[in-house]
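Enquirer: Can you read through this structure? Questions will come right after.
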Amino acid sequence: MTSLQPPASAGAPQPSNRRWWTLAVVALAQLMVVLDATVVNIALPSAQADLGFGDGDRQWIVTAYSLAFGSLLLLGGRLSDLIGRKRTFLLGLVGFALASALGGAAQSFGLLVAARALQGVFAAVLAPTALAVLTTTFTVPKERARAFGVFGALAGAGGAVGLLLGGLLTQDLDWRWNLYINVCVAVVAVVGGILLVPSAPRTGPRPRLDVPGTLLVSAGLFGLVYGFSNAESDGWGSPATWGFLAAAGVLLTAFVAWQRRAGHPLLPLGILRDRNRSAAYASVMVAAIGMFGVFLFVTYYVQTTLGYSPIQTGVAFLPMIGMLVLAAQLGTNLLVPRFGPKVLVPIGMALAATAMVLLSRLGVHSAYAPDVLVPLMLMGAGMGSIMPASMQTATLGVDRRYAGVAGALVNTSQQVGGSIGTALLNTLAATAATDYVAAHQPATASAAKAVAAAAAVHGYGVAFWWCAGFFAFGAVLAGVVFRRRSQGLSLTSTPSTAGPVASTPRPGTSVPQPRLEAAAEPMLIDV
């Protein structure tokens, strides 16, 4: 076996002089997508009062977005590989802005739900394309680490920033500005995208879209996200919940089987055969489950138990954001190149698990400092260690032709993790609160109020314990599956039709093993 890494003149792109401006534009687009979910949640009570829809309908404001977003992510990522990343990036920005404007102007519940679904469609185009642009723009190892540090910090902190921004917009302006704000951000990003994002020339023949694979995976992911969403609203005993989850399992299994024989697969399975990459996707999913527990239940706790306003709630999360950004920069610039994700990601998981254990001890009379502040800062340090390292590893060494779909898998992992967290943790918290009330039957009305408050906090504590368990599992999984730094990174071959396949050296042969900070472009293996 001989290895060949093509010289720059043989088609490897030279770093763009505008690459840092490209990072700013891509980061702005990513922040817009991440913020949207949180700011809309903050606006829901005001929107419900204005448009007059019932409590049973309000979940569709969130569900319509998550269904479209989650089910179309792989298609969105593949489109960027098919029609060009800059073109797809601008398409996603313009579509997301128009859908946001439609939602902000909605005068009926149905139109608002339709606008949210359209937002999800274009977010599924925009989010993986933004990551693919970043992957193919930054090929110098140290610069790539710095860029992914910024991108990963935004992915982890965007939800908390959204709490603050949503509170400000809802309280000082109007709930509709939680949607209109996307138009303002998108206009800046579109101008920046046109002027600053480079257009990469196509190399090789134009790939084809895998229509059967697209239908199978889109329907499967739809069933998965809807099944978990239905579990949140109707419970785990609902036939619809298990029916959709079972159908999702069948469809996704059929999708994998089809990808093994498709001439132009939507998801070349070689992307998933690499241990580092699979561990990175799993780590992102676990982190998404845990982050749901922080944002949802800590928000409930500080607002309902401590009596914070929406703006105060957003401010309460700022120390966590600061720690997340600091840890992300230290991790990607210093610690990942030195120790690798096998060390850094488990440490981040352990920090997050510790934070969850501390949060589980909250009581009705706990205070923000130090009972909430210290765990939030630990959580920020943990997420800053997990997300950038995992995102960088998930897209490192992938053939440029498949950068879009590799980025889509990162977003799919986040979406599925968030759906699991939403359904599972809400159910666990609600069940624990109900059991607590049943075990502490109040004798008077005042006692009933105290028991209800204690039951809610008890439910949050149970959810935090489960989050701690997820993070502990993630620490073990990352420690076992990630390769040691000395074992090198994935080497991706590029056969003519079947897509990239992870190459494994034969016994008795040796292949130079690159350090973690190896170039982002794949090394071509000629057997």
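The values are calculated or read from the model by the stated rules, or taken from the named source; none is laboratory data. Only a predicted model underlies this, so the values are computations on that prediction, with no experimental measurement involved. Don't worry about glycine lacking a Cβ; one is built from the backbone with ideal geometry, like all the others, and counts go over all protein chains shown. In case anyone asks, the SASA skips ligands and DNA or RNA and just uses the protein heavy atoms, side chains included. Shrake-Rupley method; radii C 1.70, N 1.55, O 1.52, S 1.80 Å.
Enquirer: In whole percent, and with a 1.4 Å probe on the protein chains, what portion of the accessible area of the range 192-301 is carbon and sulfur? If you can, show how the numbers build up before the last one.
Expert: Working: 3320 of 4860 Å².
Taking all protein chains in place, the range 192-301 shows 68 percent carbon and sulfur surface.
Enquirer: At a probe radius of 1.4 Å, what is the per-residue accessible area of LEU164, in Å² to the nearest 10?
Expert: Surface accessible to solvent at LEU164 totals approximately 40 Å².
Enquirer: Could you work out how far the C-alpha centroid of the range 207-230 sits from that of the range 390-451, in angstrom?
Expert: What the calculation gives is 21 Å, centre to centre.
Enquirer: Can you give the accessible area per residue of the range 74-139, in Å², using a 1.4 Å probe?
Expert: Values: 1720 Å² over 66 residues.
The answer is 26 Å² per residue.
Enquirer: Same structure, new question: At a Cα cut-off below 21 Å, give the lysines reachable from LYS142, other chains included and same-chain residues fewer than 8 away excluded.
Expert: Answer for LYS142, where 21 Å is the Cα cut-off: LYS342, listed by chain and number.
Enquirer: Rolling a 1.4 angstrom probe over the protein heavy atoms, how many square angstrom per residue are accessible across the range 205-259?
Expert: Details: 2710 Å² over 55 residues.
Spelled out: the 1.4 Å probe surface of the range 205-259, per residue, equals 49 Å².
Enquirer: Shifting gears a bit: Ordered by packing density, taken as the mean number of other Cβ atoms within 10 Å over each peptide's residues, highest first, how do 211-223, 69-81 rank? Intermediate values should be presented prior to the final figure.
Expert: Numbers: 211-223: 19.8, 69-81: 26.8.
Highest mean packing first, the order is 69-81, 211-223.
Enquirer: Sort out for me the Cα centre separation of the range 130-147 from the range 254-318, rounded to whole Å.
Expert: Cα centroid of the range 130-147 versus Cα centroid of the range 254-318: 21 Å apart.
Enquirer: How much solvent-accessible surface does TRP60 expose, in Å² to the nearest 10, with a 1.4 Å probe and all protein chains in place?
Expert: For TRP60, the solvent-accessible surface is approximately 90 Å².
Enquirer: Percent of accessible area on the range 316-442 owned by carbon and sulfur, 1.4 Å probe? Mind showing how you got there, number by number?
Expert: On the way: 2940 of 4220 Å².
Here it works out to 70 percent.
Enquirer: Find the accessible area per residue for the range 403-469; the probe is 1.4 Å, ligands and nucleic acids are left out, and the unit is Å².
Expert: Values: 2610 Å² over 67 residues.
Dividing the accessible area of the range 403-469 by its residue count gives 39 Å².
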